[in-house]
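Asker: Below are the structure tokens for one structure; questions will follow.
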Amino acid sequence: MATTAPERKLLLAGDWIETGDWLEVRSPYSGDVVGRVAKAGADEARRAVDAAEAAMREPLPAYERAAILDRVARLLETRREDAAQLISAEAGKPLKAARVEAARAVSTFTFAAVEARKLVGETVPMDASQAGAGKLALTLRRPIGVVGAISPFNFPLNLVAHKLAPALAAGCAVVLKPASQTPFSALLLAELMTEAGLPRGWLNVLVGQASAIGDVLVEDERVRALTFTGSGEVGWKLAERAPRKRVKLELGNATPVLVEADADLEDVAARLAANAFAFAGQSCISVQRVYVRREAYDELVARFVPKVEALVVGDPADESTDVGPMIDRDARDRVLAWIEEARAAGAEILTGGGLEGELLRPTVIAGAGPGLKVSCEEVFGPVCTVTPYDTLDEAIELANGTRYGLQAGVFTRDVKTALAAAERLEFGGVTVNEAPTFRADQMPYGGVKDSGNTREGPAYAVRELTEDRLVVLEL
Ligand code: NAP
């Protein structure tokens, strides 16, 4: 193949290896080759688990783990622009958003370094029972063991950081399988972790046949935890197949927002326009369903639609672009079909609904019934619905009318309404006067129902990747 695009090897047992087989990564915008990467399968996956297990036989003390994490944060800080360019090239993410992702990944490593330093157990009040009297007991936080990590395409740097950094903070070696469409950001992180002094075997990165690598991670009993971010379809199957492992799932959402009549509608319109279409809606918490008090509905729509129409659609490498391509043509055509389903059912397309060149225009749909895919499934594209409601009860019922439960938002100036909504929205997180697309990396972030079963954010992920060992002392 004649190409000048970079070739990247895989990290296995501390060596950068080729496999004789290559995977080509293309720009979702131009179709040009971004680069090619060595392609792994089951054999490399088994060797990676061997290497991770061997690495963990010589535990790294907390101060060394913390120092490595701090060094990665510093290295990444100096390579932030490179990382952003890479994210943008392989994922088609507009540069503005890619830069935010790169900055956030620095903070993910920084927070993980803190967690490595404060990993503590607890003392058990033994004399609280007659049986325990005269004894002292405490718990040690032990690393759970080798971690298998699988990550999606949409945040190819920071979601990989959310796998690798807490695992190292917890003292676990990792076998990582990043998304095939976006492996280069993960390989950049692997390079930085190696440069930061991570010893051989602690991180192994395999790109390639998802099911073959996944099967090894599921079946090999030395892999004690699987941490997966991606679609529910894949995630729940992994969990079913690995009942004896800790399987931590971060999955999708159909993100709702409630807008009360007392909200600052200009501010709401601006936040919604910025958060329903960024990265072409391909964030698990992209605003998708906007429910508005009937008396505020017309005004909100009148303020919102022009802001959506002002978004710049185009080349993700262009500094001014707000909305770029979807990850591939199949994904785009699926979303177009969902828009058509809504249109055929009588919904009104207020703006967008079609293509601008090859790109899907930001689309706002009114009058979409609750049974339509755009109203209850995860669109994962640049589409949102607007729907009026008469009572808070009705709004909450509509918002909860999905199998998902990751984050939801409510805009109101009334604290009682905000807290009532936060109590009753069946989601892992509720934002008030902020779009539910908001995430800071130290937050406990994760879903209920079909959106998953865990919380990420280094402090919370470290808890999931360690287990208590009880020590009882006879005094
Ligand atoms: P996906 O298709 O489920 O892929 C995610 C990862 O799973 C990729 O690395 C993929 O590998 C791998 N995979 C696919 N089949 C597998 C198998 N049989 N065994 C093991 N691994 C397998 O998801 P996606 O399209 O990349 O990401 C979009 C989804 O992720 C959306 O639903 C989104 O909401 C969700 N998401 C959730 C969060 C969160 O924090 N809750 C964050 C971001 C995204 P290949 O790439 O090689 O196929």
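The values are calculated or read from the model by the stated rules, or taken from the named source; none is laboratory data. Being a predicted model, the structure only gives us computed values, none of them experimental. All Cβ positions, even for glycine, are placed from backbone atoms using ideal geometry, and neighbour counts span all protein chains on display. Surface areas here come from the heavy atoms of the whole protein model, side chains and all, with no ligands, DNA or RNA. Shrake-Rupley method; radii C 1.70, N 1.55, O 1.52, S 1.80 Å.
Asker: What shape does the range 26-104 take by its C-alpha gyration tensor, where a ≥ b ≥ c are the square roots of the eigenvalues and a/c under 1.5 counts as rounded, a/b above b/c as prolate, and the rest as oblate?
Answerer: Working: a/c = 4.00, a/b = 1.34, b/c = 2.98.
Taking the square roots of the gyration eigenvalues as a ≥ b ≥ c, the range 26-104 is oblate.
Asker: Rounded, prolate or oblate: which one fits the range 1-157, using the alpha carbon gyration tensor with axes a ≥ b ≥ c (rounded when a/c is under 1.5, else prolate when a/b beats b/c, else oblate)?
Answerer: Details: a/c = 3.06, a/b = 1.92, b/c = 1.59.
Because a/c hits 1.5 or more and a/b exceeds b/c, the range 1-157 counts as prolate.
Asker: Computed from the mean reciprocal separation of all distinct C-alpha pairs, what Kirkwood hydrodynamic radius does the range 172-235 have, in Å? Can you show the working numbers first?
Answerer: Values: mean 1/r = 0.0778 Å⁻¹.
It is 12.9 Å.
Asker: What do you get for the angle between helix 95-117 and the principal long axis of the chain? Use alpha-carbon atoms, 0 to 90 degrees, nearest ten.
Answerer: 30 degrees
Asker: Also, quick follow-up: Can you pull out the GluC sites (Glu not before Pro) in the range 139-243 that DSSP calls coil and that have at most 13 other Cβ atoms within 10 Å?
Answerer: On the way: sites: Glu191, Glu195, Glu219, Glu221, Glu233, Glu240; in loops: Glu221.
Counting only loop positions with at most 13 other Cβ atoms within 10 Å, the GluC sites (Glu not before Pro) in the range 139-243 are Glu221.
Asker: Next up: In the chain, if the dipole is taken from +1 on Lys/Arg beta carbons and -1 on Asp/Glu beta carbons about the Cα centre, which of Gly352, Val386, Leu11 is farthest to the positive end?
Answerer: Looking along the dipole axis, the top candidate is Leu11.
Asker: Show the residues, 5+ positions off or on another chain, whose built amide H is closer than 5 Å to the amide H of Asn453.
Answerer: Leu249, Gly447
Asker: Within 10 Å of each candidate Cβ there may be at most 16 other Cβ atoms; applying that plus a DSSP loop requirement, which GluC sites (Glu not before Pro) in the range 334-365 survive? Intermediate values should be presented prior to the final figure.
Answerer: Numbers: sites: Glu340, Glu341, Glu348, Glu356, Glu358; in loops: Glu358.
Passing both the DSSP loop test and the Cβ count: Glu358.
Asker: Before I look further, what does the range 298-384 give for accessible area per residue, probe 1.4 Å, in whole square angstrom?
Answerer: Working: 3680 Å² over 87 residues.
Ligands and nucleic acids excluded, the figure is 42 Å² per residue.
Asker: Also: Taking Cα atoms, how many degrees apart are the long axis of helix 158-170 and the longest axis of the chain, rounded to 10 and kept between 0 and 90?
Answerer: In the chain, helix 158-170 runs at an angle near 30 degrees to the longest axis.
Asker: Which is farthest toward the positive dipole end of the chain among Ala102, Ala408, Ala62, measuring Cα position about the Cα centre, with Cβ charges +1 (Lys, Arg) and -1 (Asp, Glu)?
Answerer: Most positive-ward Cα: Ala62.
Asker: State the volume of the convex hull built on the alpha-carbon positions of the chain, expressed per residue in Å³ and rounded to an integer.
Answerer: Details: hull volume 73.0 nm³, N = 475.
Per residue, the Cα convex hull of the chain comes to 154 Å³.
Asker: Which pairs, out of Lys248/Lys416; Lys163/Lys245; Lys93/Lys118; Lys248/Lys449, put more than 25 Å between their alpha-carbon atoms? Working shown, then result.
Answerer: On the way: Lys248/Lys416 34 Å; Lys163/Lys245 16 Å; Lys93/Lys118 35 Å; Lys248/Lys449 13 Å.
Pairs exceeding the cut-off: Lys248/Lys416; Lys93/Lys118.
Asker: For the range 33-143, give the percent of accessible area contributed by carbon and sulfur heavy atoms, probe 1.4 Å, rounded to a whole number. Provide the component values of the computation, followed by the final result.
Answerer: On the way: 2820 of 5240 Å².
Roughly 54 percent of what the probe reaches on the range 33-143 is carbon or sulfur.
Asker: While we're here: Grab the DSSP H runs of the chain that are 4 residues or longer, score each as -39,500 (n - 2.57), total them, divide by all residues and round the 222 nm result to the nearest 500 deg cm²/dmol. Spell out each step's value before the answer.
Answerer: Numbers: 15 runs with 186 residues, N = 475.
After summing the helix terms and dividing by the residues of the chain, the value is -12500 deg cm²/dmol.
Asker: I want the antiparallel fraction of DSSP beta bridges within the range 293-437, as a percent rounded to 5.
Answerer: Details: 5 of 15 bridges.
In the range 293-437, DSSP labels about 35 percent of beta bridges as antiparallel.
Asker: Could you tell me which of rounded, prolate or oblate describes the range 391-442, using a ≥ b ≥ c as the square roots of the eigenvalues of the alpha-carbon gyration tensor, with rounded for a/c under 1.5 and, failing that, prolate when a/b is larger than b/c and oblate otherwise? Can you show the working numbers first?
Answerer: Numbers: a/c = 2.12, a/b = 1.15, b/c = 1.84.
It is oblate, given that a/c is not under 1.5 and a/b is not larger than b/c.
Asker: Hey, got the dipole for the range 389-448? About the Cα centre, +1 on K and R Cβ, -1 on D and E Cβ, debye to the nearest 20? Write down the numbers at each step before the final one.
Answerer: On the way: 5 positive and 9 negative charges, 39 e Å.
With only Lys, Arg, Asp and Glu charged at Cβ, the dipole is about 180 debye.
Asker: May I pose another question? Just need the relative contact order of the chain here, percent rounded to a whole number, with Cα pairs under 8 Å and 6+ apart.
Answerer: Details: 1112 pairs, mean separation 86.2, N = 475.
Value for the chain: 18 percent.
Asker: If you take the beta carbon distance between Trp16 and Ser211 as r and set R0 to 25 Å, what does 1/(1 + (r/R0)^6) give as a FRET efficiency, to the nearest 0.05?
Answerer: Given R0 = 25 Å and the Cβ-Cβ separation, E is 0.55.
Asker: Quick one: helix 62-78 against the long Cα principal axis of the chain, what's the angle to the nearest 10°, folded into 0 to 90?
Answerer: Rounded to the nearest ten degrees, it is 40.
Asker: Sequence-distant or interchain residues sharing an amide H contact under 5 Å with Arg8, placed H: which?
Answerer: Arg36, Val37, Ala38
Asker: About the Cα centre of the chain, what is the dipole size in debye to 20, counting +1 per Lys and Arg Cβ and -1 per Asp and Glu Cβ, all else neutral? Present the calculation step by step, with values, prior to reporting the outcome.
Answerer: Details: 54 positive and 68 negative charges, 268 e Å.
Rounded to the nearest 20 debye, it is 1280 debye.
Asker: Beyond 17 Å, what share of the Cα-Cα pairs of the range 128-177 is found? Please give it as a whole percent. Show your work: numbers first, answer last.
Answerer: Values: 636 of 1225 pairs.
Taking all Cα-Cα pairs of the range 128-177, the fraction more than 17 Å apart is 52 percent.
Asker: Continuing with this model, one more query. Please identify the trypsin sites (Lys or Arg not before Pro) of the range 376-442 that satisfy two criteria: DSSP loop assignment and at most 15 other Cβ atoms within 10 Å. Which are they?
Answerer: Details: sites: Arg403, Arg413, Lys416, Arg424, Arg439; in loops: Arg403, Arg413, Arg439.
Sites meeting the loop and neighbour criteria: Arg403, Arg413.
Asker: Out of all DSSP beta bridges in the chain, what portion is antiparallel? Express it as a percent rounded to 5. The partial results should precede the final answer.
Answerer: On the way: 27 of 69 bridges.
Just about 40 percent of them are antiparallel.
Asker: Now for a separate question. How much length is gained on full extension from Asp267 to Ala137, taking 0.36 nm per residue of separation minus their Cα-Cα distance?
Answerer: Numbers: separation 130, 0.36 × 130 = 46.80 nm, distance 5.39 nm.
Difference between extended and current length: 41.4 nm.
Asker: Extension gain Arg57-Val120, at 0.36 nm per residue separation less the Cα-Cα distance, in nm? Kindly include the intermediate steps, with their values, before the conclusion.
Answerer: Working: separation 63, 0.36 × 63 = 22.68 nm, distance 2.09 nm.
Contour length minus the Cα-Cα distance gives 20.6 nm.
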